[in-house]
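Below is one structure. I have some questions about it.
All of the numbers you see were taken from the coordinates with simple rules; none came from a lab. As the structure is a computational prediction, the values presented were derived from the model and not from experiment. Glycine gets a Cβ as well: all are built from the backbone with ideal geometry, and neighbour counts include every protein chain shown.
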Amino acid sequence: MAEPDPFTRRFAENLRSLGVGEGARVLVALSGGGDSVALLHLLRFACPDERMAVFAAHFDHAMRAESARDAKWVAGLCRAWGVPLVTGRAEGVLRTEEEARDARYAFLRQARGEVGADWIATAHHADDQAETVLFRLLRGTGITGLAGIPPVDAERGLVRPLLPFTRMRIRRYAARERLRWREDASNAALDPARNRIRNQILPLIERTVAPGARAALARLAELAREDEAAFGALLAGEMEGLAREEEGALVLVRERLAGYDSPVAARLLRGLLRRFGVVPDRDGTRSALRFIGTAPSGRELRLAGGIRIRTEFGEARIERDPGPVPPDAPLALAAGRGEGVCRIGGRWRRVAWRPAGGGDADAADGGAESFAVADDAWPLLLRGWLPGDRVRTQAGTRTLKRLFNDRRVPLGARARVPVLADARGRVLWVAGLQRGAPPPGRGEPGVTLEIIDA
């Protein structure tokens, strides 16, 4: 077997470095243009991994008159090369580049599932990287944006094995292998902005300012990506210590976040918000930091994407907005023995009760609690707390609002606290916080109650 040429060898080495292991199933996003045709050829004929399974997927955006002919040409190419092909066509009218990209990637994800591919390979190359970095730079991006197109997106199963190579180098390979492809006439247009950068701005910069501008921009992306990876690794440990998970939310200590320098605090907060799929811009991050640092307890800040931040004493709670909470469904307890369910603060609970054996160990029976209840105090009602509720304590009666404040119960948790009241409305128990009635004495009537989350 002939020794592979330097380009082919570098391509194979890069493919392995990206995590595409032996025997992988790779789906090539095949537009029919020169870059994607070269990528398909490299994977199908030049890759040393004979166990690799190669597939192709072509999406007709239906935005050009000749797109149907492109699809037909791609189908013929795949038949000739023995590559299984999955095709798709836009169902509606795609008006913008963004709509076209979203539709294309949705199709690629579906095609990946159909063929059981490990990876979707796209033909982005170093020139695409340079154009992306310059475009983002002109729009005022940060370091994350300067990192450009990632070589691997493991979460979405995307890999870009041509990213280290220029368009010119790829086309030299295509010419050597006598490959043919379809030219997309829209790539020569000056609109959208990316085409203007490709066809006018970058060539002008390389002629008059920096001859190696494309290579320099691609190198800048690589350096930015390395810095981001290093900074991210350092901040990952800080984020784990800064916030704890609690019922689907992230709870952080406000004072601790304020202890970081502002740029570091901003990075940490964006990292935490990224777990919810939200990445605010610079102004949004500053507003969120200011809110967390200065807002009184009980305030709420809503962010785009259905995320809210709530201040609760010395903590801030980041969570998805749960939407409207369904109304409570209290449970009436008749004298004797019984079981039932109630909904308090949106949470269902299962409840069991029985007559208390005065003076026995009912109160220590698992999570059960026993209370003295006079015969004329029935029925009891298990419900959420109401304005004006008061409970007896050793220091006298106090409002439940004050009790919650003294025990530092977060506002969001107060509605979920079960309250047991007798027929006269007197509070016998604030679950987990305060009993308003003592355990029954020997021979005294009472009830033993157990609450279990449903």
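If you average the C-alpha positions of the range 21-44 and of the range 223-250 separately, how far apart do those two centres end up, in angstrom?
So the separation of the two Cα centres works out to 34 Å.
Taking only C-alpha pairs under 8 Å that are 6+ residues apart, what is the relative contact order of the chain in percent? If you can, show how the numbers build up before the last one.
Values: 718 pairs, mean separation 46.5, N = 454.
Computed over the chain, the figure is 10 percent.
Could I ask something else about it? Compute the length gained on full extension between residue 226 and residue 143: take 0.36 nm times their separation in residues and subtract their Cα-Cα distance, giving the result in nm to one decimal.
Value of the extension gain: 28.8 nm.
Another question, if that's okay. So between residue 51 and residue 17, what do we pick up on full extension, going 0.36 nm a residue minus the alpha carbon distance?
10.5 nm
Can you classify the range 127-218 as rounded, prolate or oblate using the Cα gyration tensor, where a ≥ b ≥ c are the square roots of its eigenvalues, rounded means a/c under 1.5, and otherwise it's prolate if a/b beats b/c and oblate if not?
Here the range 127-218 falls in the oblate category.
Given Cβ point charges of +1 (Lys, Arg) and -1 (Asp, Glu) and nothing else, what value in debye, to the nearest 20, does the dipole of the range 30-162 about its Cα centre take?
200 debye
Around residue 31, which amide H atoms from residues at least 5 apart in sequence, or from another chain, sit under 5 Å from its own amide H, with H modelled in the peptide plane?
36
Still on this structure, please answer the following. Ranked by Cβ crowding within 10 angstrom, fewest neighbours first, how are 339, 228 ordered?
339, 228
How much mean residue ellipticity at 222 nm does the chain get from its helices, if each DSSP H run of length 4 or more adds -39500 (n - 2.57) and you divide by all residues, to the nearest 500 deg cm²/dmol? List each step's numbers first, then the result.
On the way: 15 runs with 164 residues, N = 454.
Helices in the chain give a 222 nm mean residue ellipticity of -11000 deg cm²/dmol.
Same structure again: Taking square-rooted eigenvalues a ≥ b ≥ c of the alpha carbon gyration tensor, is the range 247-320 rounded, prolate or oblate, where a/c under 1.5 means rounded and, failing that, a/b exceeding b/c means prolate?
Judged from the Cα gyration tensor, the range 247-320 comes out rounded (a/c under 1.5).
Now for a separate question. In debye, nearest 20: dipole of the range 247-320 around its Cα centre with unit charges on the Cβ of K, R (+) and D, E (-)?
On the way: 15 positive and 9 negative charges, 38 e Å.
Dipole about the Cα centre, nearest 20: 180 debye.
Sticking with this one: Of the peptides 34-43, 312-321, how do they stack up when ordered by the mean number of other Cβ atoms within 10 Å, highest first?
34-43, 312-321
Quick one: net charge around residue 74, please, counting Lys, Arg +1 and Asp, Glu -1 for every other residue with C-beta under 11 Å from its C-beta. Present the calculation step by step, with values, prior to reporting the outcome.
Numbers: positive: 69, 72, 79, 182; negative: 60, 70.
In short, +2.
Given (1) 67, 23, 21; (2) 64, 26, 19; (3) 30, 29, 22 as candidate values of semi-axes √(5λ) of the Cα gyration tensor in Å, which corresponds to the one derived from the coordinates?
For semi-axes √(5λ) of the Cα gyration tensor in Å, the calculated option is (2).
Can you give the net charge of the other residues whose Cβ lies under 13 Å from the Cβ of residue 282, counting K and R as +1 and D and E as -1?
Surrounding charge for residue 282 is +3.
Among 325, 382, 145, which residue has its Cα furthest toward the positive end of the charge dipole of the chain, with +1 on Lys/Arg Cβ and -1 on Asp/Glu Cβ?
Of 325, 382, 145, it is 145.
Just to confirm a number: summing +1 for Lys and Arg and -1 for Asp and Glu over residues other than residue 299 whose beta-carbon lies under 10 angstrom from that of residue 299, what do you get?
Residues close to residue 299 contribute a combined charge of -1.
Additional query: Could I have the simple spin-label model distance between residue 325 and residue 302, label points 7 Å from Cα toward Cβ, reported in nm to one decimal?
My value for the distance between the label points is 1.7 nm.
Could you tell me the distance between the Cα centroids of the range 105-135 and the range 55-83, to the nearest Å?
About 16 Å separates the Cα centre of the range 105-135 from the one of the range 55-83.
Which residues' amide hydrogens lie under 5 Å from the amide hydrogen of residue 158, considering only partners 5 or more residues apart or on another chain, with H built in the peptide plane?
120, 153
Mind checking the full-extension length gain between residue 433 and residue 394? Use 0.36 nm per residue of separation minus the Cα-Cα distance, one decimal, nm.
On the way: separation 39, 0.36 × 39 = 14.04 nm, distance 1.32 nm.
Length gained, residue 433 through residue 394: 12.7 nm.
Counting Lys and Arg as +1 and Asp and Glu as -1, each charge on the Cβ, what is the dipole of the chain about the Cα centre in debye, to the nearest 20? Provide the component values of the computation, followed by the final result.
Working: 71 positive and 59 negative charges, 193 e Å.
That gives the chain a dipole magnitude of about 920 debye.
Highest first, please rank the peptides 272-281, 103-112 by the mean number of other Cβ atoms sitting within 10 Å of their residues.
Descending packing order for the listed peptides: 103-112, 272-281.
Related question: Considering only DSSP beta bridges whose two residues both sit in the chain, what percent are antiparallel, to the nearest 5?
75 percent
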